[in-house]
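Undergrad: Handing you this structure, nothing more for now.
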Amino acid sequence: MNHNMSGAGRPNKTLRSIPDLIEVGLIDRENQDVIGQVEERFNIAIPPHLYNLIDATTRTDPISLQFVPHPDELQVLPTELSDPIGDGKHTPIDGIVHRYPDRLLLKAVHVCPVYCRFCFRREKVGRGGEALTPSALQSALNYILEHREVWEVVLSGGDPLILPDTKLLPLVDRLHQISHVEVIRLHTRFPVSIPQRITKETVKGLLGRAAVYMVLHCNHPRELTPQAIEACALFIDSGIPVMSQSVLLAGVNDDLTTLEQLLRKLVRNRIKPYYLHHLDLARGTNHFRTSIKQGQQLLELLRGRLSGLCQPTYVLDIPGGYGKIPIGPNYLVSQAVEGVYQVTDYEGGVHVYHDTEDAT
């Protein structure tokens, strides 16, 4: 279904500039100067598949809000950071982010098929963000080879699937050949942005000795088009589990109905909700930010309405590079008497629970 109501026709190219956005009616000509200042700071890319999901008759369309630049991005709060999750602190060499002992990120490329207006790496990806040089990539692979504690490698960036198969598949194969790497995870937007990129040949080529997982970034149920679902099914049917991560975004999915629809649609299509991220403190993103309390209240409401399969973990990536922590609602509170707890059920009822006494 085409939600675009602008009447300007469907582009057959990725929209990458202010004139492109004016031509299709996604921004008003009178705003081009101020949005041009946004473009100077942060990249623009909206593939045709996503453009055709946008209802251009309203500036509050949840797909448009995620990808069309807005003057509010020029408003930077003192608490906002150019590196909000502290990647730099954990980057021993180019292309590697090693924050946790048993897993690391391999950022082989720093470009994406679409640029989210809330991205925590928005100052690190885009124009000039080419793939690692062959020598830098070899150094990154050597780092993984030398660190035997690395059990899992996450291909992120940038979007790893922007690499052609001639580069992506040999890279994944090299990871399969590192004996202590047991899990390879790919984080991508491609199934919802350019679903035709996903082919049987690509998926088959990803398989190997290690377990392969795909994590889909998806924030709104309308992103799960038939084409996106079919692309995800190629992974699933080939034995590659698919999970999802979403970001809680004001105006996009910060209401119970939208979140419920998104999570149900994911699970109905065999995609396990993994993380719901509290928005990182990236510069110029405050107009998307909700409060943690609001996020916790939404999770409380979802607990009783949705199957456990549909429940993501609500997480905060601690600024400064200290890692993710779960920040969902707490249903268990310790009382003054040791071993006695107050427990809240999904309907808000409060109960007393006596823990098993320590037999020692």
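Undergrad: Mind ordering 240-246, 309-315, 146-152 by average Cβ neighbours within 10 Å, highest first? Before the final figure, lay out the partial values.
TA: Details: 240-246: 20.0, 309-315: 18.1, 146-152: 14.3.
Result, highest mean Cβ count within 10 Å first: 240-246, 309-315, 146-152.
Undergrad: Here's another thing I want to ask about it. Please report the spacing between the Cα centers of the stretch 284-360 and the stretch 101-120 in Å, no decimals.
TA: Cα centroid to Cα centroid, the span is 28 Å.
Undergrad: For n ≥ 4 DSSP H runs only, could you compute -39500 (n - 2.57) per run for the chain, divide by its residues and tell me the 222 nm figure to the nearest 500?
TA: Values: 11 runs with 101 residues, N = 360.
Roughly -8000 deg cm²/dmol at 222 nm, from the helical runs in the chain.
Undergrad: Could you pull the Cα extents of the stretch 75-184 along its three principal axes, largest to smallest, in whole Å?
TA: Computed over the Cα atoms, the extents are 47, 30, 22 Å.
Undergrad: Right, something else. Would you tally the net charge around Leu298, using a Cβ to Cβ cut-off of less than 15 Å, leaving Leu298 out, and scoring K and R as +1, D and E as -1?
TA: Working: positive: Arg264, Arg289, Lys293, Arg303, Arg305; negative: Asp254, Asp255, Glu260, Glu300.
Every neighbour counted, the sum reads +1.
Undergrad: Taking the Cβ of each residue in His278, His287 as the centre, tally the other Cβ atoms inside 10 Å and list the residues starting with the fewest. Don't skip to the answer; put the middle values down first.
TA: On the way: His278 22, His287 16.
Sorted ascending by nearby Cβ count, the order is His287, His278.
Undergrad: Percent antiparallel among DSSP beta bridges with both residues in the chain, to the nearest 5? Mind dumping the intermediate values first?
TA: Working: 15 of 45 bridges.
Percentage antiparallel, nearest 5: 35.
Undergrad: Applying a 10 Å radius around every beta-carbon, put 97-106, 289-298 in order of their mean neighbour count, most first.
TA: The most tightly packed comes first, giving 97-106, 289-298.
Undergrad: Largest first and to the nearest Å, give the Cα extent of the chain along each principal axis.
TA: Per principal axis, max minus min of the Cα coordinates gives 71, 48, 43 Å.
Undergrad: Where does the Debye-calculated log10 I(q)/I(0) of the stretch 233-360 sit at q = 0.15 Å⁻¹, using only Cα point scatterers of equal weight, no solvent?
TA: -0.84
Undergrad: Let me confirm the definition first: pairs of Lys residues in the chain, 8 or more apart or on different chains, C-alpha distance under 18 Å. How many are there? Don't skip to the end; give the middle numbers.
TA: Working: Lys89/Lys107; Lys89/Lys124; Lys89/Lys324; Lys107/Lys124; Lys107/Lys167; Lys167/Lys200; Lys167/Lys204; Lys293/Lys324.
Final tally of qualifying lysine pairs is 8.
Undergrad: Can you give me the relative contact order of the stretch 88-326 as a percent, contacts being Cα pairs under 8 Å and 6 or more apart? Don't skip to the answer; put the middle values down first.
TA: Numbers: 428 pairs, mean separation 38.0, N = 239.
Contact order relative to length: 16 percent.
Read-outs: derived from the displayed coordinates by stated rules, not from any lab. Values in this document were obtained by computation on a predicted structure and should not be read as measured data. With ideal geometry, Cβ positions are generated from the backbone for all residues, glycine too; neighbour counts draw on all protein chains shown.
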